[in-house]
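The values are calculated or read from the model by the stated rules, or taken from the named source; none is laboratory data. In this text, all values refer to a predicted model and were calculated from it rather than measured experimentally. Using ideal geometry, Cβ is built from the backbone for each residue, glycine included, and neighbour counts are taken over all protein chains shown. To get the accessible areas, we keep the full protein, side chains included, count just its heavy atoms, and leave off ligands, DNA and RNA. Shrake-Rupley method; radii C 1.70, N 1.55, O 1.52, S 1.80 Å.
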Amino acid sequence: MESEHPTTLVDVFARSAEQYPDKPALVVEGTECSYSDLLQSARNVAAVLPACPPGEPALVGVFAAASATAFQGILGALLSGSGYVPLNPSFPAARSAFMLNASGVSTLIVDRNASGKLGDVLEHIDRVLTLILPDVESEELGEWRMSHPQHRFVGRDELHTSNASFPDADPTDIAYLMFTSGSTGKPKGVMVSHLNILSYLEAMSEWYDFQSEDRFSQMFDLTFDLSLFDMFVCWAAGAALYVVPVKDRMAPAGFVRRNALTVWFSVPAVAGFMNQLKMLKPNNFPTLRVSAFCGEPFPASLAASWQTAAPNSVVDNLYGPTELTVACTAYRWDSQTSPEESENGLVPIGKPYSRLIACLVDSKLEGVPKGKLGELCVRGPQTALGYWQRTDLTEERFVAMPWMDGNDNRWYRTGDLVRQNGNDDFVFSGRVDNQVKILGYRVELGEIEAQLRSYAQTDFAIAVPWPVTGGNALGVVACISGSTVSDEEILRGCKRDLPDYMVPNRIFRLEKMPLNPNGKTDRNQIKQHVEELTSAVANQR
């Protein structure tokens with residue numbers, strides 16, 4: 001940890017703890033935890049972590065929400081030389097158990113709030129685990145030990161103050177294993193190394209000028225890789241991380257003001273809900289100096305509204321899949337030029353970070369001319385190691401380009417359709433797999449959604465192919481939230497700009513758009529809504 005440049009992720013925190021020992025590293029429910037105290041708590045956890053069997057990847061599970069124990073567990077795992085595997089207590093027990101079994105971890109750190117879900121998860125586990133509960137005294141664990149005698153339980157009073165030295169992880173080792181949705185219905189684990197995430201942190205230090213006086217928001221669940229920005233970009237600067245309580249997460253304007261936050265990071269949907277609730281009033285967030293959004297397309301109208309509410313802040317649109325380590329491109333909103341540069345009502349995703357190279361290819365992995373749509377592929381030091389125990393999928397998504405030679409010819413295929421505009425910024429158009437055929441015509445749903453947002457005057461509009469038979473949609477319906485414009489007026493506008501086969505057959509109004517646990521608009525739930533609503537309409541007839 002004494003090298004000039006950090007070689008592992010935990011080095012980042014340890015360096016700030018040495019430089020700013022008494023500054024708050026974390027603020028949860030109004031309680032501050034200093035850098036030195038959080039590091040000591042992590043040391044105490046690391047000291048009781050059992051050694052990983054030789055030859056196996058060192059991984060530790062963290063079954064916790066955004067609590068002090070969760071961050072203590074993550075840092076403790078990293079300090080011990082292990083990578084961490086975050087598990088969300090709000091997920092169904094079977095899903096958490098699948099991730100736990102798939103990762104093969106033998107040690108799980110659990111916070112008090114998650115302990116109530118632990119029994120259901122353990123029902124699906126058939127191997128011996130060490131379960132560390134830093135919030136629970138050993139005397140409270142008697143019932144656990146009786147009902148699950150095959151597992152070892154460690155309570156708070158067994159975490160003795162430790163100043164032991166720990167083995168350094170290799171920079172190429174897994175820093176975290178993040179499970180994301182899989183097309184087979186089973187989550188797939190993305191392996192991200194210390195080198196991957198350190199390269200991302202370097203990109204952030206070049207893009208921003210964060211200071212130890214900054215106050216960062218912490219909005220993301222730990223199973224969402226954007227949480228790495230919340231934690232380690234903040235801690236690399238010696239700044240304070242303010243955990244936004246669950247009750248405030250959909251309407252956090254008051255939290256931003258009460259805590260005088262200077263750095264905001266969320267998915268655009270959160271800003272959309274705030275806008276719907278009239279929270280983006282001029283100068284509502286005067287203390288913000290950096291506002292970043294990532295995770296889903298960012299409507300230009302929403303970027304403009306946020307800029308008005310946070311006039312002293314830059315407003316950035318970041319883009320990147322988990323496989324490219326948090327984010328790989330960035331675009332800075334400019335109130336004068338960005339409205340013209342936005343396409344389909346969406347803010348461009350910008351240019352790749354300096355250490356990354358991007359290209360656009362067709363289905364045969366051949367380059368496409370500038371200005372034409374292609375699948376975005378990226379290579380460089382942020383490209384993840386691959387998928388956990390899925391060699392087939394790794395080979396499918398991490399590829400060599402047939403037109404390129406050399407050692408640095410490992411690209412990640414994002415599956416996103418992108419175009420390069422005249423400023424060399426990338427403009428997101430949709431998913432390769434989100435193109436559908438409607439009455440035989442190939443259609444990009446994002447184009448329909450852009451018109452819906454415009455004519456409905458809302459940030460919440462989703463187009464759903466319906467009905468679908470034999471892989472071919474016979475039409476499309478729209479789901480809209482937060483609009484007072486009549487269906488007739490919206491459809492009239494769509495008919496002016498879209499061919500008949502792209503005009504929605506009907507509009508369904510939702511009180512609010514369903515979100516997945518990461519705060520993104522949940523298209524699968526919306527499709528289920530459409531099925532239910534269309535069935536109800538059919539029954540009424």
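Could you list, in sequence order, the residues of region 23-41 that are of a type in the set (S, T, N, Q) and farther than 12 Å from residue 239 by Cα?
31, 36, 40, 41
All but one of (1) closer than 30 Å to residue 500 by Cβ; (2) of a type outside the set (Phe, Trp, Tyr); (3) within 21 Å of the chain's Cα centre (by Cα) hold for residue 450; which doesn't?
Unmet condition: (3).
Taking region 141-150, which residues are surrounded by fewer than 17 Cβ atoms within 10 Å (Cβ to Cβ) and either in contact (Cβ under 8 Å) with a residue 24 or more places away in the chain or part of a loop (DSSP other than H, G, I, E, B) (or both)?
147, 149, 150
Can residue 239 be described as buried (at least 18 other Cβ atoms within 10 Å of the Cβ), over 19 Å from the mean Cα position of the chain (by Cα) and under 25 Å from residue 349 (Cβ atoms)?
Against the criterion (buried (at least 18 other Cβ atoms within 10 Å of the Cβ), over 19 Å from the mean Cα position of the chain (by Cα) and under 25 Å from residue 349 (Cβ atoms)), residue 239 does not qualify.
If I go through region 1-26 residue by residue, how many of them are touching a residue at least 12 places away in the same chain (Cβ under 8 Å), open to solvent by less than 70 Å² (accessible area, probe 1.4 Å) and within 16 Å of residue 75 (Cα to Cα)?
14
Looking at 214, 225, 157, 221 in this structure, which one is modelled with pLDDT under 95, over 19 Å from the mean Cα position of the chain (by Cα) and of a type in the set (Asp, Glu)?
It is 157.
Cβ-Cβ below 8 Å, separation at least six or inter-chain, first residue in region 362-380 and part of a loop (DSSP other than H, G, I, E, B), second acidic (Asp, Glu) and buried (at least 22 other Cβ atoms within 10 Å of the Cβ): which pairs?
none
Looking at region 358-387 only, could you name the residues that are open to solvent by 30 Å² or more (accessible area, probe 1.4 Å), among the hydrophobic types (A, V, I, L, M, F, W, C) and touching a helix residue (DSSP H, G or I) at 6+ places or on another chain (Cβ under 8 Å)?
Listed by number, the list holds a single entry, 385.
Matching residues to (1) over 24 Å from the mean Cα position of the chain (by Cα); (2) more than 20 Å from residue 152 (Cβ to Cβ); (3) at pLDDT 95 or above; (4) assigned to a helix (DSSP H, G or I):
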residue: 4; (1), (2), (3), (4): yes, yes, no, no
residue: 14; (1), (2), (3), (4): yes, yes, yes, yes
residue: 18; (1), (2), (3), (4): yes, yes, yes, yes
residue: 22; (1), (2), (3), (4): yes, yes, yes, no
residue: 26; (1), (2), (3), (4): no, yes, yes, no
residue: 33; (1), (2), (3), (4): yes, yes, yes, no
residue: 41; (1), (2), (3), (4): yes, yes, yes, yes
residue: 47; (1), (2), (3), (4): yes, no, no, yes
residue: 60; (1), (2), (3), (4): no, no, yes, no
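Mind checking which pairs have a first residue in region 196-216 that is closer than 18 Å to residue 291 by Cα and a second that is open to solvent by 70 Å² or more (accessible area, probe 1.4 Å), Cβ under 7 Å, 6 or more apart or different chains?
203/354; 203/355; 206/354
All but one of (1) within 28 Å of residue 322 (Cα to Cα); (2) in contact with a strand residue (DSSP E or B) (Cβ under 9 Å, 6 or more places away or on another chain); (3) open to solvent by less than 10 Å² (accessible area, probe 1.4 Å) hold for residue 106; which doesn't?
Residue 106 satisfies every listed condition except (3).
Scan 229, 224 and give me the residue that is open to solvent by 10 Å² or more (accessible area, probe 1.4 Å) and closer than 17 Å to residue 65 by Cα.
After applying the criteria, what remains is 224.
Restricting to region 109-140, name every residue that is without any contact (Cβ under 8 Å) to a residue 40 or more places away in the chain, under 23 Å from residue 86 (Cβ atoms), open to solvent by less than 80 Å² (accessible area, probe 1.4 Å) and not in a loop (DSSP other than H, G, I, E, B).
Once the filter is applied, which keeps residues that are without any contact (Cβ under 8 Å) to a residue 40 or more places away in the chain, under 23 Å from residue 86 (Cβ atoms), open to solvent by less than 80 Å² (accessible area, probe 1.4 Å) and not in a loop (DSSP other than H, G, I, E, B), region 109-140 yields 115, 116, 119, 122, 131.
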